[in-house]
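The values are calculated or read from the model by the stated rules, or taken from the named source; none is laboratory data. Keep in mind the model is a prediction, meaning the values are calculated, not measured. Cβ coordinates were reconstructed from backbone atoms using ideal geometry, including for glycine residues, and neighbour counts include every protein chain displayed.
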Amino acid sequence: MTTISRDQIQHLPEYQTLIHARRRLTWLLAATVIVVYFSLILSIAFAPEYLGTPIGSGVTSIGIVLGMGMILFCFLVTGFYVYYANHVLEPLTARIAQKVGQ
């Protein structure tokens, strides 16, 4: 069995593709979640009267719905990441491991 150095692995095209795909996805999802989160926080800071407006004749306010929406959004982003990791990143990792011989 031949030993492949870390430097040789880092120059594999599959490794470069893996790193690029993971980095792009990580920054995209992080930026999306940060924008959604800070949008909610800024709306709390600058429009609290709007967020306190009840929906219909009930006691649930727009702010509660938006907060729950943000939580649901984070679950969806996590689900998308898991799907992407399982269907794109893991096959790349398996190809790298196969090429290395492990």
Condition check: at positive phi, at pLDDT below 95 and not aliphatic (A, V, I, L, M). Does Gly101 satisfy that?
yes
Of (1) more than 22 Å from Phe38 (Cβ to Cβ); (2) of a type in the set (A, V, I, L, M); (3) exposed (fewer than 14 other Cβ atoms within 10 Å of the Cβ), Val88 fails just (3)
Since Pro54 meets every condition but one in (1) farther than 28 Å from Thr3 by Cα; (2) at pLDDT 95 or above, which condition does it not meet?
(2)
If I go through region 1-27 residue by residue, how many of them are loosely packed, with under 11 Cβ neighbours inside 10 Å and closer than 30 Å to Ile64 by Cα?
1
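Take residues that are touching a residue at least 40 places away in the same chain (Cβ under 8 Å) and out of contact with any His (no Cβ under 8 Å at 6 or more places or on another chain) and tell me which of the helices (runs of 4 or more DSSP H) falling wholly in region 1-60 contain 1 or more. It would help to see each step written out before you state the result.
On the way: elements: 6-10, 13-46, 48-51.
Of the helices (runs of 4 or more DSSP H) lying wholly inside region 1-60, those with at least 1 residues that are touching a residue at least 40 places away in the same chain (Cβ under 8 Å) and out of contact with any His (no Cβ under 8 Å at 6 or more places or on another chain) span 6-10, 13-46.
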